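Colleague: Quick one: this structure, given as structure tokens, is what I'll be asking you about.
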Amino acid sequence: MSAAAQTASSEPTRLRELVEQHYSAIYGYAYRLSGSVADAEDLTQQTFMIAHQRMHQVREQDKVIRWLYTITRTSFLKSRRRQRPSAAVNFELNVDEIPDRFPDDCPFDEERLQSALNELGDEFKLCVTMFYYEELSYKEIAEQLDIPIGTVMSRLARAKGRLRHAMATAALKHTDESPSSADDQDQKQPTPIRSLK
Amino acid sequence: MKSEPLHDMIDACRPGHDDLDQPEFSELAQALSEDSKLQRVFARSQEFDTTLRTTFQAVAPPPGFAERLLASLDQFEEEPAVADVETAVEPAKRTSRRWFTVRAGMASLATVAAVVSIWFAMPQQKSTPSDRAVAERVDRWNEDFDEADWQRIADVSSPQDFPAWKPLELRSDDRWQWVLKQRTLCYDLNMTPQENGEIVRLFVSKPTSTEVFPPSPPAGYPSPNGWHVGAWQANGRVYYLAVYAHRDSKLLYSRVIGSRINAA
């Protein structure tokens, strides 16, 4: 069997391996970006279809997951091309609202996180997802998105400010709703953690 | 020392990584060694990031998704590519009826071409499109970009046609790409300082025989998609300036054209 024929016959196996190894990570990434299960499934499927067509581009196996994230991101952006720019989001952060310590049973679960994420504009959501999900440094984010480093820092700071605000609101609501002793209430009183901006 | 850049640096430091040891964070490292309050802020930020990262990554695909995905990809592999289908189909024999259709089609095309020629030969009255029409046109262009097609000025020198006006100087970080099948050139300009992901784009196209624009940037018009847009004509080109800011697109637009952009 020729080398070309061997490559062709091994492609399906390779695709299957690729899917089995990475579908969960890619789905999670797609879900964080798109905010819906149906869109995340579509994005994941699209990612692997494109990956299958461009399998020959893969040079370094240990960077496959980064390559797949890039395909997902590009597909997401293309799908959003026909949407309006996101509405202005209030990024103002009242530091007094942030509790010093979040309760262990803080109800800020992944759904609440997603709803806070959905309120961010795409450019902020991309930065923060690349930071938390892919664990990229701000320099790597700047390179990937082809935007200045200062813009990444600024977007990260603002997006994180918004997430903190959402998290703090959830924690405070939870504190207010939870029946607990006076001592507990004292411990959960919000105290400023930093004076910023 | 300004606290804002330091806080931005704190936000850019990933927990569990050696970001703080990097040279670009030396200012933050120095400040942390001297300021116990900042240390507490840093510790809280790292704690927050760790918690959030865990929550961020805790997404499980729905049950059965892997199977559905693999099945759909198998189906994708089995479907022959369009090119394969086309080559597999035998070319149909040309019947006399088909030849009649071809001839009738060619006659219709000739008629249409004649009408078009007469239309273009007639003197056209030029008019200025309404602000709203211009804004909606730019909205459509703004929806038609391919993120992968951007070329950086630093990497590939851009086509000419960028206006020689000082407020709109090209920098190496700026990008460009063709839109509308290479009929319009778009420059994506980085504003200095960078604020809130603001977008400034300049579209350059050739004038048409039916439209005329003012010779210098007008006050502009808000587009349905939240941009502020204005078009003008100079040096045999039509320029469309489109600006987007989260808070106030008009303000940013006036900041750009307020620098007295006059026809060169």
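Colleague: Across peptide B:62-71, how many C-beta atoms of other chains are within 10 Å of each residue C-beta, on average?
Modeller: Taking the mean over all residues of the peptide, I get 4.
Colleague: Along the positive direction of the dipole of region B:3-57 (beta-carbon charges: Lys, Arg +1; Asp, Glu -1; about the Cα centre), which of B:Thr51, B:Gln30, B:His17 reaches farthest?
Modeller: In region B:3-57, that residue is B:Thr51.
Colleague: Per-residue mean of other chain beta-carbon atoms within 10 angstrom of the beta-carbon, peptide B:242-249?
Modeller: 2
Colleague: Over the whole of A:20-33, what's the average partner chain Cβ count within 10 Å per residue? Rounded to a whole number, please.
Modeller: 3
Colleague: With a Förster radius of 25 Å, plug the Cβ-Cβ distance of B:Gln39 and A:Ile149 into 1/(1 + (r/R0)^6) and report the FRET value to the nearest 0.05.
Modeller: Calculated value: 0.50.
Colleague: Grab the beta carbon distance between A:Gln57 and B:Asp149, set R0 = 25 Å, and tell me the FRET efficiency rounded to 0.05.
Modeller: 0.90
Colleague: So, one more: If R₀ is 35 angstrom, what is the calculated FRET efficiency for the pair B:Ala71 and A:Lys78, using the beta carbon separation as r and rounding to 0.05?
Modeller: Using R0 = 35 Å, I get an efficiency of 0.90.
Colleague: Something else now. Would you give the gap between the C-alpha center of region B:223-243 and the C-alpha center of region A:15-84, rounded to a whole Å?
Modeller: Each part's Cα centre sits 36 Å from the other's.
Taken together, the values in this text are just the output of simple stated rules run on the coordinates, not laboratory data. All values derive from a computational prediction rather than experimental measurement. As a convention, Cβ positions derive from the backbone with ideal geometry for all residues, glycine included, and neighbour counts pool all protein chains shown.
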